[in-house]
Each structure stands twice: as C-alpha cells, then as structure tokens.
1. Any idea which residue in the range 23-44 is farthest from Leu3 (Cα to Cα), counting only those that are surrounded by 12 or more Cβ atoms within 10 Å (Cβ to Cβ) and more than 16 Å from ligand 1 (Cβ to nearest atom)?
2. Among the residues of the range 50-71 satisfying the criterion of being closer than 25 Å to Glu16 by Cα and among the aliphatic types (A, V, I, L, M), which is farthest from the chain's Cα centre (by Cα)?
3. Could you figure out which of (1) part of a loop (DSSP other than H, G, I, E, B); (2) more than 10 Å from ligand 2 (Cβ to nearest atom) isn't true of Lys37?
4. I'd like the residue in the range 45-56 that is surrounded by 12 or more Cβ atoms within 10 Å (Cβ to Cβ) and out of contact with any helix residue (DSSP H, G or I) (no Cβ under 8 Å at 6 or more places or on another chain) and, out of all such residues, is farthest from Asp7 (Cα to Cα).
5. When you go through (1) β-branched (Val, Ile, Thr); (2) part of a helix (DSSP H, G or I); (3) in contact (Cβ under 8 Å) with a residue 40 or more places away in the chain one by one for Ile64, which number turns out not to apply?
Amino acid sequence: MALIITDECINCDVCEPECPNEAIYPGEEIYEIDPNKCTECVGHYDTPQCVEVCLWIVFPKILIMSKLKRC
Ligand code: SF4
Ligand code: SF4
C-alpha cells in the first residue's frame, strides 16, 4: 500500500531523493506519491524513508483516523 502526502506539504523537495523507487514527484500543487511505484521501501530499508524525513507523509489509515477525530 502506498503512502500519502497530505495538504500540509510545503514543496521543500527533501523527500524526493530519499525514495529508492523514484515514486515521489512534484504534483500540480504539492508533492505526490505514485502508488504503482511505492513499495513502502520493502526490500530497501526497514522503514519508509519518506516518513523518516517528513511529518506530512503518512499511511492512508492514519490519515483517515485523523480526519475522523476532527469530525
Ligand atoms: S512531502 Fe514533506 S519533504 Fe516532501 S516536499 Fe512536501 S513537505 Fe517536503
Ligand atoms: S515509502 Fe519508500 S517507496 Fe514509498 S514513497 Fe516513501 S520512500 Fe518511496
């Protein structure tokens, strides 16, 4: 399952070079993750490298839970 970049992204470019699969790219407004390329870093690292460098990259389940809490 691919990770998600939230609307808080400030286009700082830090995450893009960290991805071993070149799954992160600049979208129209903020950076985006190609779900077909993101493997959660399995086979490369023990943890998702983009999550290590940015607070605004999350697992989809966590994003849904945080939105539910705001309701
Ligand atoms: S997702 Fe995070 S690290 Fe990547 S460009 Fe946006 S703010 Fe920067
Ligand atoms: S979890 Fe790994 S493969 Fe997926 S976007 Fe982040 S750095 Fe790239």
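1. Out of the qualifying residues, it is His44.
2. Here the residue is Ile64.
3. If we test Lys37 against (1) part of a loop (DSSP other than H, G, I, E, B); (2) more than 10 Å from ligand 2 (Cβ to nearest atom), just (2) comes out false.
4. Among them, the one singled out is Tyr45.
5. So Ile64 meets the others, but not (3).
None of the figures in this text is laboratory data; all of them are computed from the coordinates on show. From a predicted model like this one, the values you see are computed outputs, not experimental measurements. Positions of Cβ are backbone-derived with ideal geometry, glycine not excepted, and every protein chain shown enters the neighbour counts.
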